[in-house]
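Visitor: Starting off with a structure, shown below.
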Amino acid sequence: MVATAGAPDVHVPVVSSLDDVYGSPTEETRERYRALADAFERAYGRAPSGFARAPGRVNLIGEHIDYEGYSVLPMAIGLDAVVAYGVNETSGKIRVGNANPEYTEKTFETSPGQDVDTSSLHWTNYVMCGYKGVFDFLEESGGKSVEPVGLDLMIDGTVPTGSGLSSSSALCCASALAVMSAHGLSFTKGEIADFTCKCERYSGTQSGGMDQAISIMGEAGVAKLVDFNPIQTNDVYLPENCAFVIGNCLAVSNKAETAHERYNLRVVECRLAAMVLGRKLGMSDEEVVETQTLQDIEKRVGNMSSAKAAAEEYLHDGYYDAREIEEIIGVDAFLDVFSSPASKAVLNHNVTGYKLLSRTLHVYSEAGRVHLFAAACAMKVDPAELGVYMNGSHESCRALYECSCPELDELVDAFRAAGALGARLTGAGWGGCAVALVSMDKVQDVLSQVGKTYYASRIANGVITEDDMSAVLFATLPSNGAVVLKTTSFD
Ligand code: NG1
C-alpha cells in the first residue's frame, strides 16, 4: 500500500478554496458554485455552511468484478456532485432541493431508521442512502451517539445519469459527506468508502464498491488499483504520452430500474456459479451457503488458473434453470441467494434461467487483465499493450457477460477505427459510456473522426445537438477525490 493522500486511513480534506478542489477552476466552475449558493439561499433563506463534493469516475479496466472481490482500476473524473448544506435547528426535517429544476425537491424526517423508497426511483433516494449510511456506520462502529439534526441540502450534479460514470455514487458519497460534516463528524476515507458502498445498496442495486472507493480516494494525476476486503488503493501512473477519451453512446441505462434483469441478475449468476462450483469441488452444505463470490472458489483451489479450469470442467454452457441448480447445491443454498429483496426481484422476474459458465469466465479473465494492465503501466511498456487489454475486456463484456449493447459496440468500433489504441465500455454497461486509450498526438483526430462517424448522424436525427458534443465526447485526466469545501468566496 502506498501511503498517499488517497490512502484509506486519511480523512477527507476540508479545504477553503476552489483551487484546492479543481486545481485551476474555470470561470464556469466558479459560476456554478455561486449559482448553487444562490439556489440554497433562495430556498432556505440563508447561505450554506459548506459544500461536499464527490466526483464520478471512469473505470479503465475491471468491469463487473468488484462485487466478486477482485481489484479494479478506475480514476476519478472532473464531473461531480456537489451538495451545499446547512443545519436547520428549527425544521426538524431534511429538505433536499436541486439547482436543476427538472429534479423535484423532497422533504424527509430526520430519522436514520427510515426506509429508502425504492419503488419511487426518485433521485433523492441516493441522498437518503448517504444519510442512512452515516448513522449505520456510527452504530456499527460503536462510536458516540449522535442526535440527528434538521438539514437543508441543495444539490448540483454534472455527471450525466445512466452513463456509466457513476452519477449515483457521486451523489451518495457527496450526500454522506454533507451529512457527516453538518453533524460535526469526520471519518477516514477507508471508512467512508466502505459504508457508502453498503448504504448505496438501499437504492436497490447490489453495488460492488469500486465507485464509492474511487470517488472518495481518487487523486489528481493517478488512476487507482482498488482492492477490496479491506478497501485499499495503489497508485497507477498512466502513460504520459496518452489520454483517455470518453464517449457517451447515448443509450441510457438506468441501473435501478433494470436491476432485476441486468445488474442484480449478474450478481446472482456469479453467486450461483460460485456455489455450483463449490459443490462440484466437494463443499459441504454449510460451506456452499458460505460461498459468496467466485474469488472464494479461487481461494479454495489455490490460484486463478485452477479456478478457471474448474469452471471449464464443471460448468456447462447456456442456461441453467432453477431446478437444475437446486439439485446441485440444495434448496436451502438456492433460497439463501434470494434472501434479500433485491435478489428476490431477480428470481421473480427471471424467465430465461441463469448463465454460469460464461459469467465465470468473464470474471476470471477480467480479474487477470486488471493486473496485466497495472503491471504494464508500472513497467512503462508500449501503450499499445494496454489497448490490447482494453479491447479484450470489451470483448469479454460483450460476448461472455452480455452487458454491452449495439450502440456501445458501434462506438467502441468507431474509436478503434479512428486510431485509438484500445476501447471498451466502462461502468455497468447496457448503455452509457465507452473509454478509449489514445496517443496524445492523436486526440484531436480521434475526437473529430468519432464526431463524424458516430455522432454526426445522431445530430442529424435530433438525438443531440452540436452544443451537446463537448458533454458527450471528451478527453479526461485523473482528478481529485471527494472534499468538503468551506468558503463563501468563489473568485
Ligand atoms: P455504474 O453503474 O457504472 O455506476 C456499477 C457498480 C460498480 C461496478 C460496475 C461494473 C454501483 C454503484 N456501481 O457501476 O460497483 O460493479 O457497475 O463494473 O452499483
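The values are calculated or read from the model by the stated rules, or taken from the named source; none is laboratory data. The shown structure was predicted, so the numbers you read here are calculated from the model rather than taken from an experiment. Using ideal geometry, Cβ is built from the backbone for each residue, glycine included, and neighbour counts are taken over all protein chains shown. These accessible areas exclude ligands, DNA and RNA; they are computed on the full protein's heavy atoms, side chains included. Shrake-Rupley method; radii C 1.70, N 1.55, O 1.52, S 1.80 Å.
Visitor: Which aspartates and glutamates, if any, have their Cα less than 16 Å from the Cα of LYS344, not counting same-chain residues under 8 positions apart?
Guide: Within reach: GLU257, GLU261, GLU269, ASP321, GLU326, ASP332, ASP336.
Visitor: Describe numerically, in nm with one decimal, the distance between label points set 7 Å from Cα along Cα→Cβ at LYS93 and at GLU466.
Guide: Inter-label distance under the simple model: 4.6 nm.
Visitor: Measure off, as a whole percent, the carbon and sulfur share of the 1.4 Å-probe accessible area of region 263-355, all protein chains present.
Guide: 47 percent
Visitor: Want the number for GLU28 to LEU185: 0.36 nm per residue separation, take away the alpha-carbon distance, what's left?
Guide: Values: separation 157, 0.36 × 157 = 56.52 nm, distance 3.10 nm.
That works out to 53.4 nm of additional length.
Visitor: Going by average Cβ density within 10 Å per residue, which order do the peptides 249-257, 296-304, 214-222 take, highest to lowest?
Guide: Ranking, from highest mean packing down: 214-222, 249-257, 296-304.
Visitor: Still on this structure, please answer the following. Send over a whole-number figure in Å² for the accessible area per residue of the chain, probe 1.4 Å.
Guide: Per residue, the chain has an accessible area of 39 Å².
Visitor: For region 263-355, what's the radius of gyration and Dmax over Cα atoms, in angstrom?
Guide: 12.5, 36
Visitor: Here is a further query. For region 97-244, report the % of Cα-Cα distances exceeding 27 Å. Write down the numbers at each step before the final one.
Guide: On the way: 2538 of 10878 pairs.
Of all Cα-Cα distances in region 97-244, 23 percent exceed 27 Å.
Visitor: Taking only C-alpha pairs under 8 Å that are 6+ residues apart, what is the relative contact order of region 263-355 in percent? Before the final figure, lay out the partial values.
Guide: Working: 85 pairs, mean separation 34.2, N = 93.
It rounds to 37 percent for region 263-355.
Visitor: Taking a cut-off of 15 Å between Cα atoms, list the aspartates and glutamates near LYS442, but don't count ones fewer than 8 places away on the same chain.
Guide: Cα-Cα hits under 15 Å: GLU240.
Visitor: On to the next question. Could you size up the charge dipole of region 263-355 around its Cα centre, putting +1 on the beta carbon of Lys and Arg and -1 on that of Asp and Glu, and report it in debye to the nearest 20?
Guide: 320 debye
Visitor: What is the log10 of I(q)/I(0) for region 1-73, computed with the Debye formula using one identical point scatterer on each Cα and no solvent, at q = 0.26, 0.27 Å⁻¹?
Guide: -1.27, -1.30
Visitor: May I pose another question? For ALA378 and SER120, what does the FRET efficiency come to when R0 = 56 Å and r is the distance between their Cβ atoms, rounded to the nearest 0.05?
Guide: For R0 = 56 Å, the calculated efficiency reads 0.75.
Visitor: Carbon-plus-sulfur fraction of the accessible area of region 181-220, 1.4 Å probe, in percent? Intermediate values should be presented prior to the final figure.
Guide: Working: 440 of 970 Å².
Within region 181-220, the accessible surface is 45 percent carbon and sulfur.
Visitor: Would you compute the Debye intensity of region 334-491 from its alpha-carbon atoms alone, equal scatterers and no solvent, and pass along log10 I(q)/I(0) at q = 0.12 Å⁻¹ to two decimals?
Guide: Here the Debye-derived log intensity ratios amount to -0.72.
Visitor: I've got another one for you. Cα-Cα over 29 Å: which of LYS198/LYS280; LYS255/LYS380; LYS106/LYS198; LYS132/LYS189; LYS198/LYS355?
Guide: The pairs that break the limit, which is 29 Å between Cα atoms, are LYS198/LYS280; LYS255/LYS380.
Visitor: Could you give me the radius of gyration and the Dmax of the chain, taking only the C-alpha atoms into account and expressing both in angstrom?
Guide: Rg and Dmax of the chain, Cα atoms, are 22.3, 67 Å.
Visitor: Normalised by the number of residues in the chain, what is the relative contact order in percent for Cα pairs under 8 Å and 6+ residues apart?
Guide: 24 percent
Visitor: What does the charge dipole of the chain about its Cα centre add up to, to the nearest 20 debye, if the Cβ of each Lys and Arg holds +1 and the Cβ of each Asp and Glu holds -1? Intermediate results must be reported in sequence, preceding the final value.
Guide: Working: 38 positive and 65 negative charges, 75 e Å.
The dipole of the chain has a size of about 360 debye.
Visitor: Same structure again: Helix-derived [θ] at 222 nm for the chain: sum -39500 (n - 2.57) over DSSP H runs of at least 4, divide by residue count, nearest 500?
Guide: About -13000 deg cm²/dmol.
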